[in-house]
Structures are given as structure tokens and as C-alpha cells.
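Visitor: I'd like to ask some things about the structure below.
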Amino acid sequence: MRGLALTLAGLAPLVASAEKAVAQAPVSAPSVYADYCASCHGPDGAGLKDLGEVLRGNTFVRAKTDAELKDFLMTGRHPGSPDSTMDLIMPAFDYLTDAELDAAVAYLRILAEGGDTP
């Protein structure tokens with residue numbers, strides 16, 4: 001139990017850092033999420049049946065570095081991918097700017113760590 005408490009306490013700086021990045025992002029992270037992610041993952045990251053995975057508390061997002069998440073967003077995922085839990089396509093967002101991708105990653109961090117979204 002103590003290990004879990006230490007792990008959860010260690011997440012606070014990560015959430016605070018992500019929340020700060022959202023606030024300072026040159027583009028609106030909530031807008032990027034709403035424009036490109038919410039249609040499948042839901043406006044609050046709770047996922048939509050047969051469309052997109054739940055992002056709140058998502059272990060895939062939590063296990064990846066920012067660079068890995070950015071690469072994942074740029075390449076997407078095809079059905080049959082070994083790490084896919086829904087066996088659905090996720091489109092590649094390789095047309096987004098670096099600032100938009102950075103904002104999306106920051107917002108995904110907040111959702112995955114259970115922080116409050118703006």
C-alpha cells in the first residue's frame with residue numbers, strides 16, 4: 001500500500017507539468033483535443049463505444065514518453081496491432097503542426113493521469 005501511495009505521490013509533478021504545458025501552449029490544447037480526438041475518445045476522455053479507447057487513466061499513454069506519444073499520433077494504429085485493445089484503426093495525425101502535437105500530448109497526459117481538464 002505504501003508503494004502505491006509513493007507512486008501516486010510521484011505523479012503529482014507530472015500532472016502539474018502537463019497542466020502548465022497546456023496553459024502555456026501556443027495553441028489551445030483543449031481545442032486540439034476537441035477538434036481531433038473527442039469524436040472518438042469523447043469530450044471528457046471517457047471513450048466512445050466502438051470508436052475510441054478510454055484515455056482517463058490510460059496505461060498506454062502513461063507508459064510512453066512525450067516523444068513516443070507524438071510519434072504515435074503522427075503514425076496512428078491499424079487493426080491487428082499487438083498493443084491495440086479495441087482492434088480499430090486510429091488515423092495518423094501527421095498533418096498537425098509540432099505545436100498542435102505538443103498540445104495534444106500535454107492534454108493526453110492530463111487525461112491519463114486523472115488531472116482536471118480545462
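Visitor: For an R0 of 35 angstrom, estimate the FRET efficiency from the Cβ-Cβ distance between Leu48 and Ala12 and round to the nearest 0.05.
Guide: 0.75
Visitor: Tell me, what is the percent relative contact order of region 23-118, built from C-alpha pairs under 8 Å that lie six or more residues apart?
Guide: Reported relative contact order: 34 percent.
Visitor: A follow-up question, please. For Met90, which sequence-distant residues (separation of 5 or more, or a different chain) have an amide H within less than 5 Å of its own amide H, given hydrogens modelled in the peptide plane?
Guide: Arg77, His78
Visitor: Which FRET efficiency value, to the nearest 0.05, do you get for Ser28 and Met86 by plugging their Cβ-Cβ distance into 1/(1 + (r/R0)^6) with R0 = 35 Å? Please list the in-between numbers first.
Guide: Working: r = 28 Å, r/R0 = 0.79.
The pair Ser28/Met86 has a calculated efficiency of 0.80.
Visitor: Please give the contour-minus-distance gain from Asp94 to Glu68: 0.36 nm per residue of separation, less the Cα-Cα distance, rounded to one decimal in nm.
Guide: 8.0 nm
Visitor: Across region 28-38, in residue order, what do the Karplus-derived ³J(HN,Hα) couplings come to in whole Hz, using 6.51 cos²θ - 1.76 cosθ + 1.60 with θ = phi - 60° and x for Gly and Pro?
Guide: Whole-Hz 3J(HN,Hα) from phi for region 28-38: 7, 4, x, 5, 4, 4, 4, 6, 10, 10, 4.
Visitor: Ok, one more. Give me the accessible area per residue for region 64-110, probe 1.4 Å, as a whole number in Å².
Guide: Heavy-atom SASA per residue in region 64-110 reads 54 Å².
Visitor: Continuing with this model, one more query. Beta carbons within 10 angstrom, averaged per residue: use that to sort the peptides 78-88, 40-50, 95-105, highest first.
Guide: 95-105, 40-50, 78-88
The values are calculated or read from the model by the stated rules, or taken from the named source; none is laboratory data. A quick note: this is a predicted structure, and the numbers were derived from the prediction, not measured. So basically every Cβ, Gly included, is an ideal-geometry build from the backbone, and we count neighbours across all protein chains shown. Only protein heavy atoms, including side chains, enter the accessible area calculation; ligands, DNA and RNA are left aside. Shrake-Rupley method; radii C 1.70, N 1.55, O 1.52, S 1.80 Å.
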